[in-house]
Amino acid sequence: MMEGRLLPLMLIGLGTSVVALDTAVNIAFPDITASFGLPIAMIQWVVIAYVLTYASLMLACGRAGDVFSHGRVFRIGLLWCSAAFLLCAAAPSYPWLLFFRFLQGIGAGLVISVAPALVTGLFPEQHRSRALGAFTMMFALGSAVGPLLGGVLVHLWGWPAVFWFRAPIALAALLFRESRPALPHPRRREPLDAPGAILLALAISTLLLAVNQAQRLSRHDYAALPLAAAALAGAALFLYRESRIAEPIVHLEFFRNAGFALINLANILTNLTGFAVLLFVPYYLVRFTGLPLAAAGAVLAASFAGMVAVSPLAGRIVERVPPDRAAAAGAVLAGAGLWLVASWTPDMPAETALILGVLLLQGLGMGLFQVSYMEVVMRTLPRHQRGVAGSLAMLTRTLGIVGGATLLTLVFDAAAAPADGPAAFLAAFRTTFHFAGLVCAASGALAVRRPLARG
C-alpha cells in the first residue's frame, strides 16, 4: 500500500514539521526577554502574534487549496515560512520580531491548512484513516522534538537559532510534488470568497484576543469586552454572508447536523483540557522532582510519545470501529490520564514508571481521539472540500489550546487563592487536573452523536 507514497508522505511530514517545531520557541523565551530587555509578561505577544494569524487564516487557506490546488498552497506556504524564519532570526528589535512572527503565522496557516488534504490524497479512500494516523504521528513527533532540540540550539547559538534552523527544512520539503490531483475538482473553478475570509479572520482573531484578555477582568481591565463584541459582530456578518452566497468558505448546513457540530466541540474541549499538561506539569517537575530542565523536558515529551505511538494503530482501528465510538474512547482515556496526574505527590520520584505511564496514557487517548475526529470531519464534508475539512480540524484544535491557556489558569488561580507556597500549588494542581480529566472524559459523550457520512 505504501509503494510510491513513502517519499511524498515524508516530504509532507517534513514540511508540516516546521509548524509543529514551533514548540522550540518556548524554550527560547528567557533568552528573548533578556536580549531585548523585556519584562516576562511581554513574551506572550510572541505567541499571540503567531497563533492569532494562522488560526484566523486556516479556513480561508484550506478553501484556497480546494480552489487552486493543495500542493500549490503548500509550496507557497513553505517558501513564505522560509523567509519568515530568517527574518525572525534577524529581528533587530522586539517590535520587528512581533511583525515577523505575524508573517510566520501566514506561512503556517498556508502549510497546515492543506497538509491533511495532501496526506489523505496519497491513499485510497478506504485507507483514509491510516493517512490521518500518519499525519497525526508526524505532527506529534515534531511537537515532541521541538523543546528538546530548542534547548540545545539556544545553548549553542542563542534564541535566533530556534527560527533559522527551520528554513532549510522548509526548503527541503519543496521537493514535494503532487503526482496527480489529490482530490476531484469541479470542472469550473469556484471563486474564493475574499470578503468572507476577511470577516472570518476578524471574528477569530478578536475572539482569541478576547479569550486572552479575559484573565484581566478580575483586575478591572475590561479590554476583553469590546474584543468579544467585535468577535460576535464579525461572526454574525460572516454567517450572514456565507448563508447567502453560492460558494462559501464553509457550507454552514453541515453544522446543522448535531453530531458534526458536537464532535467539533469535543475536539475543542479535549485540546483545551489536554493543554493542562504543557501548562502545569513543567512546574511540578521542576519544583518537586529535582530533575534538570533537559530531563524534565524528556519526561514531559511522554505525552507526545503516546500520540506518536498510537496514531498509526488508531488509523487501523478506525477502519474497523465507527470513528465516533473510537473518538469517545480516546477522550475517556485522555481524561483518565489527566485525572491520574492529580494523584502525583511531592515525594514521587520522576523516574518511576507511574509518571511516565500516566502521561503516556493521556497521549494515547489524545492520539486515538485526534485520528478518529479527523476521520469524522473528512468523511462528512465532500471530497472537493478536503482542504476546508483539514483546516477545520486544525482550527478547532487551536481554539481549544488558546481557550485552555485562559480557562485552566483561572481554575488554577481560583483553587490556589488566597494561599501560597508548595501546599497551595499542589492543591490547585490537583483541582485543575481533576477538572480537566472530568471535562475531557465527558467530551467523549459529545462524540457519539454520529454525523452523516458524505465525504
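Rule-based calculations on the coordinates, nothing more; no lab input. The shown structure was predicted, so the numbers you read here are calculated from the model rather than taken from an experiment. For neighbour counting, all protein chains shown are included, and Cβ atoms are generated from backbone atoms with ideal geometry for every residue, glycine included.
List the longest stretch of the chain that has no exposed loop site; here a site is one of the GluC sites (Glu not before Pro) assigned by DSSP to anything other than H, G, I, E or B, with at most 13 other Cβ within 10 Å.
In short, 4-350.
For the chain, take the longest principal axis of its alpha carbons; what is the angle in degrees between that and the long axis of helix 128-157, to the nearest 10 within 0 to 90?
Helix 128-157 sits roughly 40 degrees off the main axis of the chain.
Once both axes come from the Cα atoms, what is the angle between helix 194-213 and the longest principal axis of the chain, in degrees from 0 to 90, rounded to 10?
For helix 194-213, the angle is close to 10 degrees.
Given the C-alpha atoms of the range 349-418, compute the convex hull and give its volume per residue in Å³.
Per-residue hull volume (Cα only) is 110 Å³.
For the range 254-455, state what percent of all Cα-Cα pairs lands in each successive 10 Å bin, counting from 0 Å until the bin that includes the largest distance.
10, 35, 32, 16, 6, 1
Write down the Å³ per residue value for the convex hull defined by the alpha carbon atoms of the chain.
Dividing the Cα hull volume of the chain by its residues yields 137 Å³.
Would you please give the FRET efficiency between residue 90 and residue 148, computed as 1/(1 + (r/R0)^6) with r the Cβ-Cβ distance and R0 = 25 Å, to the nearest 0.05?
Plugging the Cβ-Cβ distance into 1/(1 + (r/R0)^6) gives 0.50.
Sort 136, 406 by Cβ crowding within 10 Å, fewest neighbours at the top.
Taking fewest neighbouring Cβ atoms as first place, the list is 406, 136.
Taking neighbour counts of Cβ atoms within 10 Å as a proxy for exposure, in what order, fewest first, do 220, 70 appear? Walk me through the intermediate numbers first.
Details: 220 6, 70 28.
By the 10 Å Cβ count, ascending: 220, 70.
Positive end of the dipole of the chain, charges at C-beta (+1 Lys, Arg; -1 Asp, Glu), about the Cα centre: which of 404, 313, 432 has its Cα farthest in that direction?
313
Please find the FRET efficiency linking residue 345 to residue 220, where r is the Cβ-Cβ separation and R0 is fixed at 25 Å, and quote it to the nearest 0.05.
Computed FRET efficiency for residue 345 and residue 220 comes out at 0.10.
Let me know the whole percent of all Cα-Cα pairs from the range 288-344 that are separated by more than 18 Å.
Tail of the P(r) past 18 Å holds 49 percent of the pairs.
In a solvent-free Debye calculation with one equal scatterer on each Cα, what is log10 I(q)/I(0) for the range 368-455 at q = 0.13, 0.14, 0.20 Å⁻¹, listed in the order of the q values?
One equal scatterer on each Cα of the range 368-455 leads to -0.59, -0.64, -0.95.
What is the fewest-to-most order of 413, 31 by other Cβ atoms lying within 10 Å of their Cβ?
Going from sparsest to densest Cβ surroundings: 413, 31.
Would you kindly state how much longer the chain becomes between residue 156 and residue 309 on full extension, computed as 0.36 nm times their sequence separation minus their alpha carbon distance, in nm to one decimal? Kindly include the intermediate steps, with their values, before the conclusion.
Working: separation 153, 0.36 × 153 = 55.08 nm, distance 3.07 nm.
This chain segment gains 52.0 nm when fully extended.
With everything on Cα atoms, drop me the angle between helix 353-380 and the longest principal axis of the chain, reported from 0 to 90° to the nearest 10.
20
Quick check: net charge around residue 388, other residues with Cβ under 9 Å of its Cβ, Lys/Arg +1 and Asp/Glu -1? Don't skip to the end; give the middle numbers.
Values: positive: 63, 386; negative: 66.
Computed value for this residue: +1.
So between residue 36 and residue 126, what do we pick up on full extension, going 0.36 nm a residue minus the alpha carbon distance?
The span from residue 36 to residue 126 would gain 27.2 nm if fully extended.
For the pair residue 321 and residue 424, how long in nm is the line joining their label points, each one 7 Å along Cα→Cβ?
In this crude label model, residue 321 to residue 424 measures out at 4.3 nm.
Where the Cα atoms of the range 1-144 are projected onto their three principal axes, how long is each span, largest first, in whole Å?
54, 30, 21
Ordered by residue, what ³J(HN,Hα) values in Hz, to whole numbers, does the range 81-92 give under the Karplus form 6.51 cos²θ - 1.76 cosθ + 1.60, where θ = phi - 60° and Gly and Pro are x?
4, 4, 5, 5, 4, 5, 5, 4, 5, 9, 4, x
Need one number for the range 298-393: average projected area of the convex hull over its C-alpha atoms, nm².
Numbers: hull surface 27.1 nm².
Convex hull of Cα atoms, orientation-averaged projection: 6.8 nm².
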